[in-house]
Each structure stands twice: as C-alpha cells, then as structure tokens.
Amino acid sequence: MNIAAYLPLRAAEQGDRPAVITAADGHTTSYAELERRSSAQAAGLRRIGIERGDRVCLFVPPGVELVSLTYALFKLGAVPVLADPGMGRARLLACLESMAPRGFIGVPRAHLARKLFPASFKSVEIPVTVGRRFLWGGATLRSLEAGGNAGFEPVQLEDEDPAAILFTSGSTGPPKGVLYTHGMFAAQVEALGRLYAFEPGEVDLACFPLFALFDVAFAMTSVFPVLDVSRPAQCDPTKIHAAVVEYGATTTFGSPAIWRRVAPWCIDQGYKLEGLRRVLIAGAPVPTDLLNDLHRVLPIEGDVFTPYGATEALPVTSIAGRDVVPSLADAIHSGAGTCVGTPAPGIEVRLIEVEDGPLASFEEAREVPAGEYGEVCVRGAVVTHLYAEAPDETRLAKIQDADGGLWHRMGDVGRFDEEGRLWLGGRKSHRLETLLGMRLPVPVENVFNTHPRVHRSALVGIGPRGRELPVVVIEPLPGEYPRSEVMTEGFCMQLRTIGQKHAATRDIETFLFHEAFPVDVRHNAKIHREELKAWAEAKLQ
C-alpha cells in the first residue's frame, strides 16, 4: 500500500474536523483542507519534475507544512529525507551529502545553508522554498499550490517500496539514515494501534513531530505546541500545560526531558493534566520518580507508557507506568535494571551473547540462558532492513535467519524475567569489561539515582578493556554541586553507603561530579558517555 492513502480516506470521513493545529497562533487546518493542500503540493511537485523514487530533503518547522508536504511526497512515491537540524552542522551536512537528494524543500534559512555549503547539496536539482524566496532559484510552495489539483491520486506502490529516510539520534556514533518502506509504516500503524488503542477524534500534543505523522492514520488531531524540538529540556511548562488544556489533548509522545519540567511545575502550581489519557515517553530510561510525578497530575484513568524501540524498530516492547510503580520500584532501585515490558504485537525478541563484530547468520549467534543478560535482537514487520548508503553499518546491525527473516541488533543489553518482561542494562557500547567480567551502566545508575541530591549518574570505565575501573560520574541537582573538598567527600561517603546495600554497586568506590552532562539533542536525555569517559580519564590522571 501507499501510506499516503490514509489522508484522502480521513478527509472523506472527517471532513471539517481539525487535522493540524499550531498552538503558537491557533491556526487550524481541517482534514479536508489538509488533503486539498497535500494534493495540490503533490501535483505541483510532479509538475516541476519530482518523480517516484526521488529523494527529497524536507526542512520545514513542525506544523501543517510538515504534514502536508510529507504526505504529498508519499503520494508521488518520492522519498522524504527527514534529518534533525539539531544533530549539529557538520553531522547534518555529512548526512545530507551521503543521501544525495534530488529535491530540497525548505524554509529560507535552510536554503541559505544550501548556498553557503554547496558541496553538501551538489546533488540537488529541484529546490522549493517554503516562504519568501531570495537570491536562489526554484519554485515556492505558494506557486506549487496555485496550480491546484484536488484529489491527487496516490501512486500505487508495493509494501517493500521506499517511503522515507529517518536518521538515528547519533548518541552512540554518527547518525545513520534508516530506510523505511511503506509496508513498515503500515505495520507500525497496526502495532501502535493495538498497543495504545488510539481512537478517531483524539487530540495528540505533538511533542515529537515525526510521531505526529501517524496521527492521520488514527484520525486524530495533531496539536504542535510552542516548543523548540531541538531543546526539549528547555521547554516552557506553562505553554505545554496551556496546550493540553486549551485543545483538550488526550495523548502525547515526547522526551522524558519535557515531562521532567512539566510534571514538577504542575505539582507546584496545583494543576492537573485533565483529559490526558496517555503520555508516551521514549528516548531514554524513564525514572520512577518521573512516573510518580506524572501519576500525581494525570487523571485517574490516565497513565504513562514507555515504548522501547529505536529509529530502526518501533515499537519493540511497552509497559504501563502503573505496572512499574510501585510494584517494580524496589527492584529497579536495587540494581535490577530498567523494565521495558513485554514484546509488542508482531515482534519477536531474542537475547544472544554480546558480540561486537558482524554475524553473517543467526545460526552463528548463541542465545543466552533465561535470566541472563544478552544482546537484544528483534525481528518483525516494523523492523527496517538497511541503512541508506551505509553497507558496513547494515552488516553490523542486521543478521540473516535461515528461514529468510532478518534480525536487527538493537545495540542494547537486556534480560528476560520469569514473566517474560524485558529488563535493560544499557547500551552494548557502554558496557564495561572489568577483571570481574561485564558491567552494565543502567543497574548501577538506578541505584545511585536514588540519592536525593542526584539528578542523574553515568557509569564509565577507566583503563584498558578487560581491566576497566568502574567510575560513577554524578550530575547533582541544581544548587547541589559540592563546592569544597569537604562537601565532595561527604557526598561521596553518602553515595558509598547507598552502594554498599546492593550487589550491583557494592564494589564501586570512585565518584566524580559534573555540572551538566553532555546529552543528545533530539531527546536531551541520552548521555554522551564517550565524552564523559574522556573527561573522567583526564580528571583522574
């Protein structure tokens, strides 16, 4: 199927119902209008030469143009390349150059970057400006739509035809372009619908814009809040709360960094997030204190869900917050890891012995016994098959199965409990190899994060592989950074006392303090541990 078929279907069903609302100005676009604009854009793009299979970079802010243009490209069978500007200029330019797009649709600022760095955009033949065009050539979005053509019929496609290229966050290496097919998007719609029971007429507060592209399939309204998506940890909680209340949001998806600001603010102000049935949080482990805070401000029928997955495969597992706290809190705080729930519909999860190199077939892999930690591998209809223009990365991440299936290596280490729930221990690349064997960061960090003055912690290894010394770096809460040697030693003694109570942390003696961890841009939550490791090594020299 062509995933774009959802839009004309919803326009026929929903008509004047709001499809997209931008909270900044209150502008509302109905499903009928969204379909009309998307069809006019598809016709205009075809008129200027965009064809089926063409890669087209899309650089527009979250809002109606993001949705309408993405579906216009889907209708043509073209392949939108959706890169996150927050990944940094050098990485962004390298990613775009490697994708060799034929088309480029963007706001004036994006076109200015195209002119300033021509080598990265040398493949672009067809530029389109969303807004005012200056000294560069090409069409404008307004001129594309002026030709009209309501009811543009989406081209017929097969499930395996390319649909889009989305980039990984780059938190454990350079961002990689993940190739999605139309069949994979359709499988995601089915799996997400079964997991979370989205209903027509719901309102989604779109705190992660790309996830909002699913809203059309579920006949929901997308509300784009006032939010710098490249800096979610700096969001204004008053604006997030106002959007929930004003537009009657029933569901939302976003980084834990957003809710770490919003939930405590709501508690301080005595406000509730009435009407919000579900808060989906992904991008990093969700601490139990955040779950508790959100449960205090959500209605009794509302809950927090933590879908586990990646750009390459989503959803993989899911668990409800009310199944985590209070029942699993003690285990989490004692070093058991982070529970991410049971496999999603249509997903198979297996754990194999940790291996850094490529595996030609799944028969080469050795599955670990029940209850032991192993590398997480998944397969199913939502699992992508390759990285665009990156055969070596594809070879490392994918494993062929004898029955013709394909496994994706998630890059995480986890274990199953007796109830079939997956518990994560951390990224494979973040594991320590010590004289006593493999050490994983998440179980250790969950213990020390219980200290009332700790915002977050990170386990890093100092020394050669196989003989690494475990060191825990602490980012204290604001105002709690120890400013003297006496305060530092007192803080360390308190941490050692906590660590002594649990097997996972009993031998850890070395602590360092860092004022602000380096984190990924997309979620503002994934810690750049390689940077912290280098910093810690320098501190301990």
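Key figures for this structure:
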read-out: Criterion violated by ALA150 - all others in (1) surrounded by fewer than 16 Cβ atoms within 10 Å (Cβ to Cβ); (2) under 30 Å from THR306 (Cβ atoms); (3) assigned by TED's automatic domain parsing to the domain that holds GLU35 satisfied; value: (2)
read-out: Top-ranked residue in the stretch 363-407 [being within 21 Å of the chain's Cα centre (by Cα) and among the hydroxyl-bearing types (Ser, Thr, Tyr); ranked as farthest from THR311 (Cα to Cα)]; value: THR394
read-out: Failed condition for GLY335, given (1) in contact with a Leu (Cβ under 8 Å, 6 or more places away or on another chain); (2) in a helix (DSSP H, G or I); value: (1)
read-out: Evaluation of GLU190 against (1) surrounded by 22 or more Cβ atoms within 10 Å (Cβ to Cβ); (2) in contact (Cβ under 8 Å) with a residue 40 or more places away in the chain; (3) closer than 28 Å to ALA72 by Cα (one fails), failing number; value: (1)
read-out: So VAL471, is it over 25 Å from the mean Cα position of the chain (by Cα), assigned by TED's automatic domain parsing to the domain that holds GLN494 and within 18 Å of GLU515 (Cβ to Cβ); value: yes
read-out: Selection within the stretch 54-81 - within 22 Å of TYR31 (Cβ to Cβ) and of a type in the set (A, V, I, L, M, F, W, C); value: LEU58, VAL60, VAL64, LEU66, VAL67, LEU69, ALA72, LEU73, PHE74, LEU76
read-out: Considering residues of the stretch 197-254 that are closer than 19 Å to LEU69 by Cβ and aromatic (Phe, Trp, Tyr) only, the residue surrounded by the most Cβ atoms within 10 Å (Cβ to Cβ); value: PHE224
read-out: Flag if ARG10 is modelled with pLDDT of 95 or more, touching a Gly at 6+ places or on another chain (Cβ under 9 Å), surrounded by 19 or more Cβ atoms within 10 Å (Cβ to Cβ) and not in a loop (DSSP other than H, G, I, E, B); value: no
read-out: From the options GLU445, GLU530, residue that is modelled with pLDDT of 95 or more and acidic (Asp, Glu); value: GLU445
read-out: Which numbered condition ASN292 misses (of (1) part of a helix (DSSP H, G or I); (2) out of contact with any Pro (no Cβ under 9 Å at 6 or more places or on another chain); (3) not basic (Lys, Arg)); value: (2)
read-out: Residue under evaluation ARG231, criteria (1) at negative phi; (2) without any contact (Cβ under 8 Å) to a residue 40 or more places away in the chain, criterion not met; value: (2)
read-out: Filtered residues of the stretch 134-159 (kept if farther than 21 Å from CYS57 by Cα and of a type in the set (D, E, K, R)); value: GLU153, GLU158, ASP159
read-out: Of residues in the stretch 135-147 being of a type outside the set (A, V, I, L, M, F, W, C) and within 12 Å of ILE48 (Cβ to Cβ), the one surrounded by the fewest Cβ atoms within 10 Å (Cβ to Cβ); value: GLY137
read-out: Count - residues of the stretch 315-338 that are crowded, with 21+ Cβ neighbours inside 10 Å and within 22 Å of ARG277 (Cβ to Cβ); value: 6
read-out: Qualifying residues in the stretch 144-169 (those that are at pLDDT below 95 and among the small types (Gly, Ala, Ser)) - the one nearest to MET87 (Cα to Cα); value: SER169
read-out: Residue list for the stretch 133-145, restricted to those being free of Cβ contacts under 8 Å to residues at least 24 places away in the same chain and hydrophobic (A, V, I, L, M, F, W, C); value: LEU135
read-out: Search result, residues across the stretch 349-379 that are without any contact (Cβ under 8 Å) to a residue 40 or more places away in the chain, surrounded by fewer than 13 Cβ atoms within 10 Å (Cβ to Cβ) and not in a loop (DSSP other than H, G, I, E, B); value: GLU363, GLU364
read-out: Answer from ASP54, ASP16 - the residue that is closer than 26 Å to GLU158 by Cα and surrounded by fewer than 21 Cβ atoms within 10 Å (Cβ to Cβ); value: ASP54
read-out: Residue selected from the stretch 482-513 under the condition of a type in the set (Ser, Thr, Tyr) and closer than 18 Å to GLU445 by Cα, by the criterion surrounded by the fewest Cβ atoms within 10 Å (Cβ to Cβ); value: THR497
read-out: Which numbered condition ASP16 misses (of (1) out of contact with any Asp or Glu (no Cβ under 6 Å at 6 or more places or on another chain); (2) more than 22 Å from CYS207 (Cβ to Cβ); (3) assigned to a helix (DSSP H, G or I)); value: (3)
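The values are calculated or read from the model by the stated rules, or taken from the named source; none is laboratory data. In this text the structure is predicted, and so the values were computed from the model without any measurement. Cβ: placed from backbone, ideal geometry, glycine included. Neighbour counts: every protein chain shown.
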